[in-house]
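Structure, as structure tokens:
The values are calculated or read from the model by the stated rules, or taken from the named source; none is laboratory data. None of these values were measured; they are calculated from a predicted model. Glycine gets a Cβ as well: all are built from the backbone with ideal geometry, and neighbour counts include every protein chain shown. For the accessible areas, the whole protein counts, side chains as well, though only heavy atoms, and no ligand, DNA or RNA atoms are used. Shrake-Rupley method; radii C 1.70, N 1.55, O 1.52, S 1.80 Å.
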Amino acid sequence: MNFRRIAFGALMLVALSGHAKAQDFARPIRFVVAFPAGGPTDFVARVVADKMKNLVGQSVIIENKPGANGAVAAAAISQAPADGYTFLVTDGSMFSINPKIYAKLDYNPSKDFVPVALIARAPLFLAAVPGMPANSFKEFVAYARGNPGKVNYGSSGIGSTHHLTMEAIKAEYRIDIVHIPFKGTGQSVPALVGGQVDVLWSAYPSLAGFVKDNKVKLLATNSAKRSPQAPDVPTVAEVIPGFDFAPIVGILAPAGTPKGIVDKVAAEVVAVTKMPETQKQFAAAGIEPVGGGSDEYAKAIADENARMAKAIEAAGIKPE
């Protein structure tokens, strides 16, 4: 009889636990992703969404809203109800880059959002054509110095992290390298492989296959530490102390979202990033899990803002 009571009690606890989840979130949650499907930010959002549904007891729907370096999605979220059901998954460009390159934005970076959690970092790699007479970052800088105006580099567009990473390096060493912007890595990486550009910065998944086939070579990464995916590739920070332009990926809520919901979602997101399966998936895509809460994410945004401001000034980009 006692055994039956214990078993019944355990079943009631399970039922009540499931009921609590349903009460926290009565309908599906929406993750608005600021970039197209298939990119690092979208990948991170989908991995987190897939695992979060089991923690919160509701499905997590992905909605891609690309455009204007994340500004389209940011504007949409700034007008969304602050009811704890709509969140933005993005890199830091909507805070650190857009306010400095767009004269008018349909959102206020400092007032319209609440940082929820810092999910991951997605480092970029400096890739070069095989014929580039440089096999390290130092050799690349030396070659560019000795051949002013003769080296060109591709990027994902003016104002992209790919662009500003190189502009920061150009400013550091006062070297003359010609910028050739493209509309995303879908254009820039094939241009590198085809020899139309000499070097570029790109995420590891876009380059891995070409590296394996010896069609491009990796010279450096823009993260503060070496990537587990390519541990033999040094960081720029090993030459320029403190250099860190690896994009950060995080989740934000509309301003006014109840703190209890923000804290709960932050806890669930952090829990997901700590899962071995998540870390394995991220590693395979060249993404570094972080799992930081609201305060850590706010600090990361502020730090990136300061770095990008210097790079944008060095690049001579004016708001348009």
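Any chance you could tell me what percent of the C-alpha pair distances in the stretch 90-193 go past 18 Å? All intermediate terms of the calculation are to be shown ahead of the outcome.
Details: 3073 of 5356 pairs.
I get 57 percent for the Cα pairs in the stretch 90-193 exceeding 18 Å.
Can you pull out the trypsin sites (Lys or Arg not before Pro) in the stretch 135-199 whose DSSP state is coil and whose Cβ has at most 12 other Cβ atoms within 10 Å? Walk me through the numbers on the way to the answer.
On the way: sites: Lys138, Arg145, Lys150, Lys170, Arg174, Lys183; in loops: Lys150, Arg174, Lys183.
Passing sites in the stretch 135-199 are Lys150, Arg174, Lys183.
In whole Å, how far is the Cα centre of the stretch 120-187 from that of the stretch 225-272?
The stretch 120-187 and the stretch 225-272 have Cα centres spaced 23 Å from each other.
Under a 1.4 angstrom probe, counting protein chains only, how are Leu164, Leu218 ranked by accessible area, largest first?
On the way: Leu164 0, Leu218 30 Å².
Ranking Leu164, Leu218 by accessible area, largest first, yields Leu218, Leu164.
In Å², what does the accessible area per residue of the chain work out to with a 1.4 Å probe? Write down the numbers at each step before the final one.
Numbers: 14540 Å² over 320 residues.
Using a 1.4 Å probe on heavy atoms only, each residue of the chain averages 45 Å².
Let me check I've understood the local charge: for Thr90, count other residues with C-beta under 13 angstrom from its C-beta, Lys and Arg +1, Asp and Glu -1. What total comes out? Please list the in-between numbers first.
Numbers: positive: Lys65; negative: Asp42, Glu63, Asp91, Asp112, Glu304.
Value of the local net charge: -4.
What's the percent breakdown of Cα-Cα distances in the stretch 17-115 across 10 Å bins, shortest bin first?
Result, from short to long distances: 16, 44, 29, 10, 1 percent.
Where the accessible area of the chain is counted over protein heavy atoms with a 1.4 Å probe, how much of it, in %, is carbon and sulfur? Show your work: numbers first, answer last.
Numbers: 8070 of 14540 Å².
Exposed carbon and sulfur together represent 56 percent of the surface.
Which option, (1) 36, 20, 17; (2) 40, 22, 15; (3) 60, 23, 14, is the value of semi-axes √(5λ) of the Cα gyration tensor in Å that was calculated from these coordinates?
After the calculation, the listed value that fits is (2).
In Å and on Cα atoms, what radius of gyration and Dmax does the stretch 152-296 show?
Here Rg and the maximum Cα pair distance are 17.6, 53 Å.
Under the classification rounded if a/c is under 1.5, otherwise prolate if a/b is larger than b/c and oblate if not, where does the stretch 167-227 fall, given a ≥ b ≥ c as square roots of the Cα gyration tensor eigenvalues? Please list the in-between numbers first.
Values: a/c = 1.85, a/b = 1.22, b/c = 1.52.
Oblate, since a/c reaches 1.5 and b/c is not below a/b.
Distance cut-off 27 Å, Cα to Cα: go down the list Lys150/Lys217; Lys53/Lys111; Lys138/Lys183; Lys138/Lys274 and report the pairs above it. Show your work: numbers first, answer last.
On the way: Lys150/Lys217 19 Å; Lys53/Lys111 29 Å; Lys138/Lys183 29 Å; Lys138/Lys274 36 Å.
The answer is Lys53/Lys111; Lys138/Lys183; Lys138/Lys274.
Work through the residues other than Ser294 whose Cβ is under 14 Å from its Cβ and net out their charges, Lys, Arg +1 and Asp, Glu -1. Could you put the intermediate results ahead of the total?
Numbers: positive: Lys259, Lys264, Lys299; negative: Asp263, Glu268, Asp295, Glu296.
Summing Lys and Arg as +1 and Asp and Glu as -1 gives -1.
In straight Cα distance, which aspartates and glutamates are under 12 Å from Lys100, not counting same-chain residues fewer than 8 positions off?
Cross-link targets: Glu313, Glu320.
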